[in-house]
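The structure appears right after this line, and notes come after that.
The values are calculated or read from the model by the stated rules, or taken from the named source; none is laboratory data. Not measured: the values here are computed from a predicted model. Virtual Cβ from ideal backbone geometry, glycine too; neighbours counted across all protein chains shown.
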Amino acid sequence: IERGKHVYVQKPLTHNIREARILAGMAREHKIVSQMGNQGGSNPLLGMVQDWVDSGVLGKITKVQVWTNRPVWPQGFAMPEPDESLKPEDLYWGLWLGPAPYRPYTPNLHPFNWRGWWDYGTGALGDVGCHLIDIPFRTLGLKYPTDAECSVASVYSQMWTPDYHPEGCPTASFITLHFDATEKSRAPIEMTWSDGGIRPAHPDIIPAAHDMGGPQSQNGVLIIGENGLISTNINDSSPLMPKLYLNDGTREFGPEVEENEEPEYGHHRKWVDACKAGFDSPEHRALTSSFDYAGPMTETVLMGNLAIRSYMLRRENSEGKMEFFGRQKLLWDGENMRITNLEEANQFVGRSYRQGWEM
């Protein structure tokens, strides 16, 4: 970016909130064309969801429910032991680690399972949060959340003693975020996120034979207003499957199968066209996930991880026993990137860097 090179970055945009804020600012400062790889942002069927929201048929929108079947990789246990003898000869391990703390080559970490360890990945939220939370964040015009709260699943290897692995992401989590009212919602919003196979209760307004969200209700988004709700699938390369259910019995469904004229809805091609046209060109301004948008949206996704990591904080009490002290609603000052009621939680806004990888 400092060299003026246009960039395309996979989701999530960054590992933590501070990095997302920095990257969005650098893209503006250096006048580069940027795009994050949440290709569903270019899905034309998002326009159907946007039209329903803009029409006001839902009335005041007060709640959003988001869920996923992730993680679909090992997660929630102690980090495997290193074994340098198993490192592939052509793998540059130090380069792969990047800014993360150095550890010897560890099987089952590379090439896929790194998602479940905080030094390297961002868990279920980081894996698909940008494909799911993008839908309400975009269509409702959301900004920074005002607070974050969570609970996570416990794993017991022995009676009455929960395992404690703060270096790893949990097997399942439930997150609650609150947002101020927007012009689109016309009311404050509560957003919940659940993963690990946990999903919301099936609303009465959706027939029992209908899936919530996507196929078998494994992933989805519900945007809930006083007059009904919108149901959609995960917004990656899967069919979005938007559905509108109103309390008066009105139903309107988008197509179950989408005819895509080009791969990934042209998300990559449109970025290339914008690179050729240049910074602030009509092609650039038409991009659906430039860092000006992707940065704040990624920050919102990663607020859930900040809450999860704070939930696992513990310290010794006056009786010499370990107690958890971060299990509370965290109040967020988005402009200044700070938790205002638990100083220890602010260590998770950013991270420390291995020498040579500093930001």
For segment 88-117, name all the residues that are buried (at least 16 other Cβ atoms within 10 Å of the Cβ) and among the basic types (Lys, Arg).
Arg115
Select from segment 112-151 the residues that are more than 22 Å from Arg309 (Cβ to Cβ) and small (Gly, Ala, Ser) and list them in ascending order.
Gly141
Take the conditions among the small types (Gly, Ala, Ser), under 30 Å from Glu183 (Cβ atoms) and surrounded by 15 or more Cβ atoms within 10 Å (Cβ to Cβ) and apply them to Gly41. Does it pass?
yes
Go through segment 96-123 and give me each residue that's within 23 Å of Phe291 (Cβ to Cβ) and of a type outside the set (S, T, N, Q).
Gly98, Pro99, Ala100, Arg115, Tyr120, Gly121, Gly123
Residues of segment 252-280 being assigned to a loop (DSSP other than H, G, I, E, B) and free of Cβ contacts under 8 Å to residues at least 40 places away in the same chain, which ones?
Glu256, Val257, Glu259, Asn260, Glu261, Glu262
Just one listed residue, out of Pro255, Pro296, is surrounded by fewer than 13 Cβ atoms within 10 Å (Cβ to Cβ) and either farther than 28 Å from Met212 by Cβ or of a type outside the set (A, V, I, L, M, F, W, C) (or both), and it is Pro255
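Quick grid of which residues meet (1) hydrophobic (A, V, I, L, M, F, W, C); (2) surrounded by 15 or more Cβ atoms within 10 Å (Cβ to Cβ); (3) modelled with pLDDT of 95 or more:
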position	(1), (2), (3)
Gly278	no, no, yes
Phe291	yes, yes, yes
Leu302	yes, yes, yes
Leu313	yes, yes, yes
Arg327	no, yes, yes
Asn341	no, no, yes
Glu344	no, no, yes
Gln347	no, no, yes
Strands (runs of 3 or more DSSP E) within segment 133-251 that include 3 or more residues over 30 Å from Leu313 (Cα atoms) and at pLDDT 95 or above:
220-225, 228-232, 243-246
For the structure I just gave you, tell me whether Met191 is under 19 Å from Ala148 (Cα atoms) and buried (at least 16 other Cβ atoms within 10 Å of the Cβ).
yes
